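Engineer: Just passing along the structure, written as structure tokens.
The values are calculated or read from the model by the stated rules, or taken from the named source; none is laboratory data. Predicted model only: the values in this text are computed from it and were never measured. Here the Cβ is made from the backbone with ideal geometry for all residues, glycine too, and neighbour counts use every protein chain on show.
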Amino acid sequence: MTRILLAHLLFLEDFLVKIRMVLITALVAAVALGTAGCNLIQPQATTHHYDPSDGVGANVGDIKLRNLVLISDNGQVGQLMFDAINTTGTSITLHVAFTANGSVSKQNVIIPSSEQPIGFGGPDEKQVQLSDFGVPPGGMIQLAFEAAGSETVTTFVPVLTTAQPEYKGLTPTPTPTPTPTNTLIPSSAATTAPSTQPAPTETPVG
């Protein structure tokens, strides 16, 4: 009788161990499936562009704009800084516009084609100056972009100052004022007065 009871206990213990292993395997599979499901539902960080600097980005037709910031110390004149990516094989004109005091100001920028990003507004780069926009440093200016017949894309761009070390010395370079020159007007050709010599008179023969 004791042997039979002991055999039943050993069988029951073995059965419980097998059930425990099955449950553990099922739990591990459920956790793995749940993690995979979260990855499928949640957006992947690597599938979306992001701007590692203080700026913002925008896609305008075939042009990708990254790290857009406006550098200004007075809120009136500023340098628009950004990186542009144009891989179409041809240059594209980017139209930049903003509204201030009820009027629209526009600026055109030629974006060359390149496999690598092209910088604007930085040291030794093409300047893109905006003026009379009236947004103080620390604020946001709304800019509108359009390129090659694309839809107009609007975005808010931060206005920062050169007090930040990474933007030191990037204030707009004043456009030189042309020096007026005196234009020499050629004098009219001198006219010669007609000769007024008296006509010869006949001498009477005596």
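Engineer: For segment 124-138, which positions are in a loop (DSSP other than H, G, I, E, B) and either touching a Ser or Thr at 6+ places or on another chain (Cβ under 6 Å) or crowded, with 16+ Cβ neighbours inside 10 Å (or both)?
Structural biologist: Residues of segment 124-138 that are in a loop (DSSP other than H, G, I, E, B), as a first pass: 124-128, 132-138.
Passing the criteria: Val128, Phe133, Val135, Pro137.
Engineer: Also, I was wondering about something else. Can you find a residue that is in the same structural domain as Met81 (by TED's automatic domain parsing), modelled with pLDDT under 90 and either among the aliphatic types (A, V, I, L, M) or over 12 Å from Gln79 (Cα atoms) (or both) anywhere in segment 144-159? Quick ask: steps written out before the conclusion?
Structural biologist: Keep residues of segment 144-159 that are in the same structural domain as Met81 (by TED's automatic domain parsing), which gives 144-159.
Then keep just the ones that are modelled with pLDDT under 90; that gives 148-149.
Narrowing the set further to residues that are either among the aliphatic types (A, V, I, L, M) or over 12 Å from Gln79 (Cα atoms) (or both) leaves 148-149.
Yes, there is a match, as at least one residue in segment 144-159 is in the same structural domain as Met81 (by TED's automatic domain parsing), modelled with pLDDT under 90 and either among the aliphatic types (A, V, I, L, M) or over 12 Å from Gln79 (Cα atoms) (or both).
The rows are residues; the columns are (1) in a strand (DSSP E or B); (2) under 13 Å from the mean Cα position of the chain (by Cα).
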position: Leu80; (1), (2): yes, yes
position: Thr90; (1), (2): no, no
position: His95; (1), (2): yes, yes
position: Val109; (1), (2): yes, yes
position: Gly119; (1), (2): yes, yes
position: Gly122; (1), (2): no, yes
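Engineer: Take segment 75-95 and flag every residue that is out of contact with any Ser or Thr (no Cβ under 9 Å at 6 or more places or on another chain) and either at pLDDT below 95 or surrounded by fewer than 21 Cβ atoms within 10 Å (Cβ to Cβ) (or both).
Structural biologist: Selection gives Gly75, Thr93.
Engineer: Which pairs do you get when a residue that is in contact (Cβ under 8 Å) with a residue 40 or more places away in the chain and over 15 Å from Val96 (Cβ atoms), found in segment 57-69, comes within reach of a residue that is outside any strand (DSSP E or B) and of a type in the set (S, T, N, Q), reach meaning Cβ atoms under 7 angstrom, with the pair 6+ apart or on two chains?
Structural biologist: Asp62/Thr88
Engineer: For the subset of segment 97-107 comprising residues that are assigned to a strand (DSSP E or B) and surrounded by fewer than 19 Cβ atoms within 10 Å (Cβ to Cβ), which member is modelled with the highest pLDDT? Don't jump to the end; show me each part of the working.
Structural biologist: Within segment 97-107, the first condition is being assigned to a strand (DSSP E or B), and the residues that meet it are 97-100, 103-107.
Keeping just the survivors that are surrounded by fewer than 19 Cβ atoms within 10 Å (Cβ to Cβ) gives 97, 99-100, 103-107.
Details: Ala97: 97, Thr99: 94, Ala100: 89, Ser103: 92, Val104: 94, Ser105: 94, Lys106: 94, Gln107: 93.
It comes out as Ala97.
Engineer: What single numbered condition from (1) at pLDDT 95 or above; (2) over 19 Å from Pro165 (Cα atoms); (3) of a type in the set (S, T, N, Q) fails to hold for Asn67?
Structural biologist: (2)
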